[in-house]
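Below is one structure, written out as structure tokens; comments come after it.
What follows is calculated from the coordinates using simple rules that are stated; it is not laboratory data. Remember, it's a predicted structure, so these values are computed and weren't measured experimentally. We place every Cβ from the backbone using ideal geometry, glycine too, and count neighbours over all the protein chains shown.
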Amino acid sequence: MAARPGPAPPSGLSPRLLVWMVLGEWRAQPGRTLAAILAIAVGVGLGLAIHLVNRSALDEFAGAIRSVSGAADLQVQAASPLGFDEGLYPVLARLDGVATASPVVELRARTASGEPLTLLGLAPLRAAAVTPNLVGGGAVSGDGGVTTAEAVFDLDAITLSPAALQQSGLRVGDQVRLSAAGQSASFRIVGNLDGVSGDRALGVIDIAAAQWRFDQLGRLQRLDLRLSPGVDRTAVERAVQAALPAEAALVTPQSEMRRTESLSRAYRVNLQMLALVALLTGGFLVYSAQSLSVTRRRPQFALLRVLGLPARGMLGQVLIEGVVLGLAGAALGVALGVALAELALRLLGGDLGGGYFRGGRPPLVFTPVAAAIIFGLGVAIAVLGSLFPALQAERIPAAVALKTGSGESAETAGQPLPWISLGLLAAGGLAALGPPVGGVPLFGYGAIALILAGGVGAMPWLARGLLGPLRRLRAPAPPVALAIARLWGAPRQAAVALCGIVASTSLMVAMAVMVTSFRGSVEDWLIQILPADIYMRLDPGLTLDSEAQARLAAAPEAAAIEFRQSFNLRLRPDRPPVQVSARGQASTGAGEGLPLVGRQIRPEGLPVWISEPMARLYDLSPGDPLALPIGPGAQAQVTVAGVWRDYSNQFGALILDQAAYTALTDDAGRAEAAITLAPGVEPEEAIEAFRVRLPPSIAPGADFAEPREIRAVALRIFDRSFAVTYALEAISILVGLAGVATTFSAQTLARRKEFGMLRHVGVRRGQIMQMLATEGALLGAVGALAGLTLGVIMSQVLIHVVNPQSFNWTMETRLPWPLLATLAVVLVATSAGAAVLAGRGAVADSAVCAVREDW
């Protein structure tokens, strides 16, 4: 007895027959299939790589925070580097529920050879109970032999982290000279901080030595609190908060990690969106490949219908083909993503050019859940790209499809109406008006997706609208007339060819316009913000006292010198600190020369000028009052006098008059200077003269630079920050161009019978090649025009919605005309060339063979 056939899958075909048909289609069109798989793989790989790099960097940073915070449940941090009164320490230590309080002096320091270092002053016994990782390992005696850990109580002793030892080239037992807060002192290295992970350069000395030797008497920068077991944590936090002065804030290690993660959230999300762009482009290529496959196989599908295959069988087969494409592409993409992440960590570290995790080379942390999600997204994109072609296959009328040449008329029946595309474009415009969600411009990204979908959906009507005037040309050459008639009469097939071009081109143009606008705005800003002839900056830990400032100002090479002091100030515990800069001369105000935007006022009280990001983050405008937690006692009450454009700090910056700063803080030290040279003085000559006038202990740590050098460095940093963006743009357009070639190849091969009929009526092979070249060039031109237009529209969403909501700054639109023109020419040439190359094989058959039926 014959065995019963196995159950048929949902497609209505047996598994064996289904596999045979799928593999047969892949063998028939290997180039198009490979392009679709690679497009999905690139999108999945980029998305996974970016996630893995960011996750690895965040995990490394979290480990560094844990190693420094130790067992501290709460931390009290100073709002500024000036610290807070140490009288707060006994007050908090005596609160109910506080088991141990560890006072900390924290300073930015540098070694004699110039390496930066974070210097902590600790009370060893207190720190051993709260942050044991910061109490060093083995100590050494004067002759290098190991002694007890009592050496950490020595006021001349210091323990260094492994990273600090490595970057300084020193060993345990060596002497190291440190400069911090304008003071210098020498210490003997007595051990290493094995518990401090990562690349953090850290040094620990006794708190008494830190306060005495670095002019910090009576001041602390941090208090680490360990709570008693079983206490009401919320009640203790309320009690601590009530006891805090304005110059201190309460945080937790967990909140610090969340705050640090939020610093790079917008940058990480933007990179993920760029990776998704490549994946979406892959989805359009899958749609194009599947649509062309369905068109080419219409007679085969019709025959299967006549032989009894239900309509859902057509739907199932095409969807299963999409699933297989997605599985192959996503699997390849996961492997590619892991390799790219490993390479990026080696070359760029965990930073990816954004400047959020500097200096680290964290190990790769693979997250299976994220990999599975991105894998599933790749498969889903491939299935969605196959859905519309599958629905088209399901609706194929068998009797009509069996007739040769019925392709376009049947395929246009189920085509979406124009108002759907118009509705998507309108919805995109409305979405662009939405606010950010959790600091991320989700509505902005949604607007870009809707505009892209609407633009791609409008391709059939747009193609007819742009090609319409060409139909009225008088007596065009026969190949040109045939090409125009073909594109005019088959708008949906033209749209299938255009969708990949338009998607990749528009997204690349949008990013290119945004980056060009951003870079141009930064260049203009740098010119306006750097009016002096020379700028001086001291290394961390160094300052010029009043005497050194006067000696430098008396130099005959200087016509004027504006001394400045900058530091970070925390206004809210849940927000990154803002950068405060004290500047201005007696003859000019602090706001002189700033690139102000909007109105400016003259307040009666103390004026300050805030940056655009600060105005957005803290909802401030000219005339609003602001309390600054600087200086001892109550907060300084100031008034916003104006808002200025700033691209150096996305979390806010504030400028106040340096005389007011000195009065508020009693800090006369300065670490920066803007120098205007006397007429006829050369910058090189002046720099040498200024360096001679600096104190010998400070001169090696002084960095002088001309504005052109600063601008060059800033633009290099800008380009490095966008290096990943440039790479993603290039990959996206390469995927799109590959899609152009495979799409034209598939369409041309599917038109063998049409070419055979043209040969029968007297059209020569050369004329058919001219017709194909004209079709390709016209489609490339339409795609370029549509892609450029759509890209410029989407760039406005990036410039005026995504960037302000992500990074809190604005810019002016600048179009990169040379790039846009080059892109248009490349698209037209690529399209024409791909059509001609594909047509060489399609017209090679004899005219009789080309028009014969297969049955």
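Numbers below:
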read-out: Compactness relative to 2.2 N^0.38 Å, alpha carbon Rg of the range 534-705; value: 1.08
read-out: Theoretical FRET efficiency, 1/(1+(r/R0)^6), r = Cβ-Cβ of Glu706 and Arg472, R0 56 Å, to 0.05; value: 0.35
read-out: Relative packing of 566-579, 322-335, 93-106, which averages over residues the other C-beta atoms within 10 Å, highest first; value: 322-335, 93-106, 566-579
read-out: Protection proxy ranking of 38-47, 676-685, 158-167, 756-765 - average other beta-carbon atoms within 10 Å, highest first; value: 38-47, 158-167, 756-765, 676-685
read-out: Between the range 604-679 and the range 501-522, the alpha-carbon center distance in angstrom; value: 34 Å
read-out: Neighbour-count ranking [beta-carbon atoms within 10 angstrom, fewest first] of Tyr445, Tyr618; value: Tyr618, Tyr445
read-out: For the range 331-342, 3J(HN,Hα) per residue [Karplus equation, 6.51 cos²θ - 1.76 cosθ + 1.60, θ = phi - 60°, Hz, x = Gly/Pro]; value: 4, 5, x, 5, 4, 5, x, 5, 5, 5, 5, 4
read-out: Centroid-to-centroid separation of the range 744-795 and the range 308-340 [C-alpha atoms, Å]; value: 28 Å
read-out: Separation between Cα centres of the range 797-834 and the range 203-231, rounded to whole Å; value: 52 Å
read-out: The range 74-251 - Kirkwood radius from inverse mean 1/r over Cα pairs (Å); value: 16.7 Å
